[in-house]
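What follows is a single structure, written as structure tokens, with notes after it.
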Amino acid sequence: MNFLSNKSYIAWYFVIPVVFIHLFVIGIPSILSLALCLTDWSGLGKINYVGFENFIELFDDRYFKKAIFHNILWTIIFLTVPVCIALMCAYLLTGIKRGQMFYRLAFFFPYMLASVVNCQIWKYLFHPIHGLGGFFESIGIEALASSPFTTKETSLYAAAFVDGWHFWGFLVVIYLTGMYQVDNHLYEAADIEGASKFQKFRYITLPMIRPIFIFSLMIIIIWSVPVFDYVYILTGGGPAYSSEVVANYLYTHAFVRFNVGYASAVGTLMFIYVIFIVGIFGLLRKLGWEI
Amino acid sequence: MIKTIISFVSAIILSVSFSAFSKTKVTWSMESNADRDPIFLEKLQNAYNSAQDKYELEIQFEPNETRIESLRTSMLAGMGPDIVETPGPSYVKEYQEAGMLENLDSYADEFGWKDKLIPWAYSSGVFEGSLYAIPKTHESMVMLYNKTLFEENGWKVPTTLEELEDVAGKIKAKGMDVYTYGSSGWQPTHEHLVGIYLNNYAGPQAVYEAITGEREWTDPVFVEALELLKKHMVDEGWWSGSLENYYAIGWDDFHAQFATRGAAMMTIGTWTFQATSLGIGQSGDEWGWAPLPSLSSNSGGPNFMIAIGTTMSVNAAAKNKDGAIDVLNWIMSNKDVVIDIASDFQFGEFVVPLLLDESDIPSTISPQVTSYLNEYARITGEGNYGYCTWTFWPAEPGVHIWKDMEVVWAGDISVEDFMYDHQKMWDKARKKNETLPVPLRD
């Protein structure tokens, strides 16, 4: 009984319900998924053990390789474009005294909207009949005649653009929070030394917000693995797998092709990759990196 | 006096409540559609409930996008509705193999269902020698055209490839799209076109032989069929002007394009009849339909592709199995109910494949639909029918035929390679006994 009333365990009691829900919703399905990747289960009926057949097939699957390449591209895009824009905007916003809240709200607003709403807005904008293409055509200009979401060469970038448009406001807010925590005396000293605005950003702001900055990079890398909603709604991974990403590929196999065993193998590889990334960041932290 | 009135009213309420609660509930998860749901509630659910005192039918509507997955989850959990509605035989096969559907053989014998249904439609629900599903609706693919526009320009409705290419050139010269159609919102739309080209270029006999394994899908006749589709889709931009626009356009868009002369023709399934009648009806133009043109001498003349749009089965774990059977039997025993509901949809939905006579077709439906029904019965009755992919293709090749067709259209792989992959999937499906019932050809 003393064990139950021990104060050092009280926090555990409060955490137990959440742990239980996680175990039920994430833990058990994850373990089941790990087991299913060694089967040919269709999602219904008999489960046959097939060993590593799914993985062998997967490593030979050209569309899976394409999806991985697209995920890597997606990660690179998100590690550069929204990050650079958000850093620049956040830094510029620190210099705005009046009306800053308006900009913050405006930038953050798309992040608050549901992905399906954002996607529909952009789909309508680029609709070949009702969208900008139709409008330009009506005034005799041949521009945007085809939707970038349905053009093989642009579909991935178009989906990434819309997702980036919704996401970068979030980065602005977290960078801005970090920038406000920088000691103002450092900037005053830099002013006395005659530092330019860029020098202050490069040598004071950036090093001082490094933990937040590295954290943002980490979440971008991790979130780029299961990227799904924007691709699914805007392009469905098409046309011709030109915007296929791993999570959408998994979904198609699990829920369209009735190939749950194969989809589980995809999920298992995604899981291993995320663990690897988290492990790297954990290792860097142990090595003394401020992240 | 007041006490007497209260007692009387209470007695009525109690008796009504008792009769409602004394009925055992039968549940049916049905694909939702804003236009159709009220009709199904009034003419199916309420009509059935009024017709007998034993069971209370409750239809639960849900969009197919989510319904298919939630149905699968509930069935896996040993739950699910009493009447299981699926989008086609490949789904029935999955459930049947998992032992989740009731064997309907004894009921079919008892109620004579086999004699009430079109033979090929009945056999589409027979798996491993037993009946597991009844078609809720059957359908075909047709070519619609703007009759007023064709008459104004003196265009001939095409029946051959040469005539089709000729009229396509004339339509394009007028600044219109040849066909309006698109896959936005429903990517499997591609399979409608693939099916048309396979059946009308290679011919139903060749398709039948490939389905039954007597011929390979790598046969040059199939490769040529899909090369022709690629030419018309990618090089000529027949559908909605370009491949990119075809991908971007959805149901509402292509009906609007058809109604406003954005395009002269439309390749589509018969499920469109209601929407087309309403859409083009507002524009003042008249629409017509025609069988899909023969695209080569192999096709053997006009044919109608046969397909099952939706199926009805009984959940093996149903709480009210007898009630579910009773509902199915009531539908099949009441031709008038089926005709009445199907007429409201211009025979585009709830076309339960009951054996009908020409005299059964009500005068309230449009003359175009009447002529289609008669022609369909005549031509398929002569054995000239083809095969829609969503009814006769097993699950994995069935997805491959539309999903990976985009890769062919994109020029990433050749038609030969595509058909080679397709054949491999059929071999795999055959090995795993996943092939679906196909009616024998005469």
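The values are calculated or read from the model by the stated rules, or taken from the named source; none is laboratory data. This is a predicted model, so every value here is computed, not measured. Glycine gets a Cβ as well: all are built from the backbone with ideal geometry, and neighbour counts include every protein chain shown. The accessibility values were calculated without ligands, DNA or RNA, using every heavy atom of the protein model including side chains. Shrake-Rupley method; radii C 1.70, N 1.55, O 1.52, S 1.80 Å.
Values computed for the structure shown
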{"read-out": "Between helix B:415-431 and chain B: long-axis angle, C-alpha atoms, 0 to 90°, nearest 10", "value": "30 degrees"}
{"read-out": "Span-rule helices in chain A, defined as complete DSSP H runs reaching 30 Å or more along the axis (Cα) with Kyte mean at least -1.0", "value": "A:62-94, A:155-180, A:260-286"}
{"read-out": "Relative contact order computed over chain B (Cα-Cα under 8 Å; 6+ residues apart), in percent", "value": "25 percent"}
{"read-out": "Cα long-axis angle, helix B:64-76 against chain B (0 to 90 degrees, to the nearest 10)", "value": "60 degrees"}
{"read-out": "The stretch A:181-268: trypsin sites (Lys or Arg not before Pro) falling in loop per DSSP and having at most 10 other Cβ within 10 Å", "value": "none"}
{"read-out": "Heavy-atom accessible area, 1.4 Å probe, ligands and nucleic acids excluded: residues of the stretch A:254-271 down by at least 30 Å² from chain alone", "value": "A:PHE255, A:VAL256, A:ARG257, A:PHE258"}
{"read-out": "Per residue solvent-accessible surface (Å²) - the stretch A:54-286, probe of 1.4 Å", "value": "50 Å²"}
{"read-out": "Loop-exposed GluC sites (Glu not before Pro) per DSSP, neighbour cap 16 Cβ within 10 angstrom, longest uninterrupted part of chain A", "value": "A:1-141"}
{"read-out": "Accessible area that becomes buried as B packs against A, both chains, 1.4 Å probe, Å², nearest 100", "value": "2700 Å²"}
{"read-out": "Cβ-Cβ FRET estimate between A:VAL278 and B:TYR420, R0 fixed at 45 Å, reported to 0.05", "value": "0.60"}
{"read-out": "Local electrostatic count, B:ASP340, Cβ distance below 12 Å [Lys/Arg +1, Asp/Glu -1]", "value": "-2"}
{"read-out": "Cut-off under 5 Å, modelled amide H: who pairs with B:TRP217 long-range", "value": "none"}
{"read-out": "Cα-based shape type of the stretch B:292-368, given that a ≥ b ≥ c are square roots of the gyration tensor eigenvalues and the cut on a/c is 1.5", "value": "oblate"}
{"read-out": "Calculated FRET value between B:ILE413 and A:GLU188, using beta carbons and R₀ = 56 Å, to 0.05", "value": "0.30"}
{"read-out": "Cα shape, the stretch A:54-286, gyration tensor, a/c 1.5 rule", "value": "oblate"}
{"read-out": "Among A:VAL116, A:VAL81, A:VAL25, residue whose mean-square fluctuation peaks in a GNM of chain A (springs only between Cα atoms under 10 Å)", "value": "A:VAL25"}
{"read-out": "Per-pair calculated FRET efficiency, R0 = 25 Å: B:GLU151 and B:SER363 via Cβ, rounded to 0.05", "value": "0.50"}
{"read-out": "GNM flexibility winner over chain A from A:MET112, A:MET101, A:MET179 (Cα, springs under 10 Å)", "value": "A:MET101"}
{"read-out": "Beta bridge orientation in chain B: antiparallel %, DSSP, nearest 5", "value": "60 percent"}
{"read-out": "Cα gyration tensor shape of the protein assembly as shown, rounded if a/c is under 1.5, else prolate or oblate by comparing a/b with b/c", "value": "prolate"}
{"read-out": "Candidates B:ASP37, B:ASP53, B:ASP177, ranked by Gaussian network fluctuation over chain B, Cα under 10 Å, top entry", "value": "B:ASP53"}
{"read-out": "In the stretch B:168-250, GluC sites (Glu not before Pro) in a DSSP loop with at most 12 other beta-carbon atoms within 10 Å", "value": "B:GLU214"}
{"read-out": "Label-point gap, in nm, between A:ALA35 and A:PHE20 - each point 7 angstrom along Cα→Cβ", "value": "2.3 nm"}
{"read-out": "Formal net charge of residues neighbouring B:TYR208 (Cβ-Cβ distance under 10 Å; K, R +1; D, E -1)", "value": "0"}
{"read-out": "Beta bridges per DSSP with both ends in the protein assembly as shown, % antiparallel, nearest 5", "value": "60 percent"}
{"read-out": "Under 5 Å, built H, 5+ apart or other chain: amide partners of B:LEU57", "value": "B:VAL26, B:ASN49"}
{"read-out": "In the stretch B:308-338, the trypsin sites (Lys or Arg not before Pro) that fall in loop regions by DSSP, at most 16 other Cβ within 10 Å", "value": "B:LYS319"}
{"read-out": "Other-chain or far-sequence residues with amide H under 5 Å of B:TYR387's (modelled H)", "value": "B:ILE306"}
{"read-out": "Solvent-accessible ranking of B:LYS114, B:LYS432, B:LYS424, largest area first, probe 1.4 Å", "value": "B:LYS114, B:LYS424, B:LYS432"}
